[in-house]
Amino acid sequence: MNSPSDVLNSDVLNSNTLNRQAIARVSELLAALEMQAETPLTNWVNGELVAGQGEAIELLDPVTGLPLVAYRDAGRAVVEQAVEAAARAQQEWMALTASERGRRMMAAAGALLGYEETLARLESVVAGKPIRDCRGEVNKVREMFEYYAGWCDKQHGEVIPVPTSHLNYVRPVPYGVVGQITPWNAPMFTCGWQLAPAIAAGNGVVLKPSEMTPFSSVVIAMLLERSGLPRGLINIVNGVGPTTGAALTGNPGISKLVFVGSPESGRRIAQAGAERLVPSVLELGGKSANIIFADARLDDAVAGAQAAIFAAAGQSCVAGSRLLVQREVLDEVCKRLARAAGEITIGLPGDDATLMGPVQNAKQYQHITSMLETAQRQGARVLCGGKRPETLPSEATGYYLAPTVLTDVTEDMAIAQEEVFGPVVVVMPFDSEEEAVRLANATRFGLAGAVWTQDPARAHRVAARLRAGTVWINSYKAINVMSPFGGFGESGFGRSSGVEGLREYTVAQSVWVETATSASVAMGYGNGVG
């Protein structure tokens, strides 16, 4: 058996161009996870590591922009193996009692204990996220499995008092095998966010992470299966959308699709499902409005605005990228926000002091800088940021952008309408509550929003009028597995987390049992009803 270090230096890697320092960190972390494999760590199928069969995919280190590691695209054959494995395991899983499934899910949550720091550092290296953020996300994954473990034996059916001699009961039935596709901005978090309710509801899973962040999902699946989940219940396939992604969405064994990502990709996922009449859940982008009224506690509001957009370098679907400020306090808020942005510690993701790291990949970095250039041509003014930070560690030559605040932005500008997905916030003034609501809803997205005010009546009144799936009052980015999450409009449909997220993974089955001593069967649908 080869060691994890040997695995990562296998023949699929271009060892002459590797960023050796970063790849050494990945190797050490996998060794700490006690991973032993004869094949590259690319896919987890039927309880085994399986090499991809397609073209090589090269990952770059977000910190340096240099090659980090390469692996092969999974391809159709690997996806088919994964779907078949999930179907077999799903039958085994559903043969267990609900209480036993709950116990095994709780044990799966415990399987992550002792590996938190290693998982966090693996995620930090590959995704370029600050280690302090990654530590919190590992704990969130465990929390998700603990929460949904408790739901396994509480998914009750109900009896319908039909006006006939029948006993009619309704019970939740799992779809069978679900396909899930998760993004690069929070691969570990969204992996747990989707896996836990899916298997709690009784399904088998084939999950495809973003091709840019493949490792953490594979490792989590391996750890979870060690705890006693059926072999093949969770499968991870890695590759690009046109090949591995298309093979997953088009596989006839997949009964439901769940996607977290951009609206453009979400449309393709929904279309692929529609062609096979397969339902989907889409958690897509956002252009969330963060509304500060003049009576807000400005210290809290500015701190909230800063965290809402600059955490994770703005690479969050719920980022507060539109800051709407009542005109009386506009100048004060802008001054405070610019000062706070300049005090954010930007550095290497692995440093405990780092609050903001690089943008994850070159394509996204180019998208952000292009949108900034367009905004300035249209008249927007850069209050702070807009370029690489002036002081960075010498090795930080990758995709860094300073926290950016734009003013003189009008609602018709692209920067005010399109998702930037980077550390860029636009500030726009409003005069009245009515105007604030109108501006907040003047976008095709509807994922999240926030209201900052000391007037409780206004807070609830405005929150009720926002077309957003999540609204915070005097807060931002409070998210918990117990509460439903999803959006309106082009932010998608369906819900993740909470009991609503669990219900997305089952379908209601109605069962009619004749109890009369002499059954009466009529032609048509009447049969005595009414």
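The values are calculated or read from the model by the stated rules, or taken from the named source; none is laboratory data. Predicted, not measured: the structure shown is a model, and the values here were computed from it. Backbone-built Cβ (ideal geometry, glycine too); neighbour counts: all protein chains shown.
Among the residues of region 307-337, which ones are in contact (Cβ under 8 Å) with a residue 60 or more places away in the chain, part of a helix (DSSP H, G or I) and more than 13 Å from residue 448 (Cα to Cα)?
307, 310, 311, 312, 313, 314, 327, 330, 333, 334, 337 - these are the residues of region 307-337 that are in contact (Cβ under 8 Å) with a residue 60 or more places away in the chain, part of a helix (DSSP H, G or I) and more than 13 Å from residue 448 (Cα to Cα).
For residue 75, the conditions (1) of a type outside the set (Ser, Thr, Tyr); (2) at negative phi; (3) touching a helix residue (DSSP H, G or I) at 6+ places or on another chain (Cβ under 7 Å) all hold with the exception of (2). Picking from residues in region 256-304 that are assigned to a loop (DSSP other than H, G, I, E, B) and among the basic types (Lys, Arg), the one that is farthest from residue 209 (Cα to Cα) is 297.
Does residue 387 qualify as being without any contact (Cβ under 8 Å) to a residue 40 or more places away in the chain, not assigned by TED's automatic domain parsing to the domain that holds residue 211 and not in a loop (DSSP other than H, G, I, E, B)? It is false that residue 387 is without any contact (Cβ under 8 Å) to a residue 40 or more places away in the chain, not assigned by TED's automatic domain parsing to the domain that holds residue 211 and not in a loop (DSSP other than H, G, I, E, B). At least 3 residues being under 24 Å from residue 353 (Cβ atoms) is the threshold, and among the helices (runs of 4 or more DSSP H) wholly inside region 49-127 those reaching it are 116-127.
Contact map, region 36-63: residues that are closer than 26 Å to residue 395 by Cβ paired with residues that are at pLDDT below 90 and among the acidic types (Asp, Glu), Cβ distance under 7 Å, separation 6+ or inter-chain. Pairs shown: 63/395.
Quick grid of which residues meet (1) assigned by TED's automatic domain parsing to the domain that holds residue 253; (2) at pLDDT 95 or above; (3) crowded, with 24+ Cβ neighbours inside 10 Å:
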{"site": "197", "(1), (2), (3)": "yes, yes, yes"}
{"site": "206", "(1), (2), (3)": "yes, yes, yes"}
{"site": "209", "(1), (2), (3)": "yes, yes, yes"}
{"site": "215", "(1), (2), (3)": "yes, no, yes"}
{"site": "231", "(1), (2), (3)": "yes, yes, no"}
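Of all residues in region 389-414, those satisfying the criterion of being farther than 14 Å from residue 425 by Cα and either surrounded by 15 or more Cβ atoms within 10 Å (Cβ to Cβ) or of a type in the set (S, T, N, Q) (or both) are 389, 391, 392, 394, 396, 397, 398, 399, 400. Look at (1) buried (at least 23 other Cβ atoms within 10 Å of the Cβ); (2) touching an Asp or Glu at 6+ places or on another chain (Cβ under 6 Å) and you find that residue 454 fails only one, number (1). Assess whether residue 468 counts as being small (Gly, Ala, Ser), crowded, with 18+ Cβ neighbours inside 10 Å and part of a loop (DSSP other than H, G, I, E, B). Judged against the criteria, residue 468 is a match. Taking the conditions (1) surrounded by fewer than 24 Cβ atoms within 10 Å (Cβ to Cβ); (2) touching a residue at least 12 places away in the same chain (Cβ under 8 Å) in turn, residue 161 satisfies each one other than (2). Checking 34, 55, 38, 28 one by one, the residue that is modelled with pLDDT of 95 or more, surrounded by fewer than 18 Cβ atoms within 10 Å (Cβ to Cβ), acidic (Asp, Glu) and not assigned by TED's automatic domain parsing to the domain that holds residue 93 is 55 and no other. Within region 345-388, being surrounded by fewer than 17 Cβ atoms within 10 Å (Cβ to Cβ) and of a type in the set (Ser, Thr, Tyr) holds for 345, 370, 374.
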